[in-house]
């Protein structure tokens, strides 16, 4: 099963070409790392695959659908480079916070269809260790 797919994807920001005809398939069970220097297009690719941005050309799919469709992102969990989460959190606690089916809180959608944030019930934030 293909979880994420980019087919000949390009993305421009004005005159800057961030991605140039990139193709990628990520299958269920695969672990993929994006490595490269600043400006190589890693964040741009993640933004395309999560529906935060549209490609200038090419096709992007997430779980067989358009990544801008909330139904395609239902099983997706993403954390930014800078999370701002307390350093005392264990890895499992961070995963529980960012994954969409976590029992802690609920994901809220903004009108454009993107994830805005997670509301946590009062007193549910893990105590510092």
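The values are calculated or read from the model by the stated rules, or taken from the named source; none is laboratory data. All values reported here derive from a predicted model rather than from experimental measurement. We place every Cβ from the backbone using ideal geometry, glycine too, and count neighbours over all the protein chains shown.
From 9, 107, 32, which residue is in contact with a strand residue (DSSP E or B) (Cβ under 6 Å, 6 or more places away or on another chain), modelled with pLDDT under 90 and crowded, with 16+ Cβ neighbours inside 10 Å? Lay out the reasoning, then the answer.
Values: 9 fails: modelled with pLDDT under 90; 32 fails: crowded, with 16+ Cβ neighbours inside 10 Å.
None of the others qualify; the one that does is 107.
Picking from 84, 77, which residue would you name as being modelled with pLDDT under 95, part of a loop (DSSP other than H, G, I, E, B) and either assigned by TED's automatic domain parsing to the domain that holds residue 1 or closer than 21 Å to residue 2 by Cα (or both)? Steps first, answer last, please.
On the way: 84 fails: either assigned by TED's automatic domain parsing to the domain that holds residue 1 or closer than 21 Å to residue 2 by Cα (or both).
Exactly one of 84, 77 is modelled with pLDDT under 95, part of a loop (DSSP other than H, G, I, E, B) and either assigned by TED's automatic domain parsing to the domain that holds residue 1 or closer than 21 Å to residue 2 by Cα (or both), namely 77.
Please identify the pairs in which a residue from the stretch 38-53 that is free of Cβ contacts under 8 Å to residues at least 12 places away in the same chain has its Cβ atom under 7 Å from the Cβ atom of a residue that is part of a loop (DSSP other than H, G, I, E, B), counting only partners at least 6 apart or on another chain.
42/34; 42/36; 47/53
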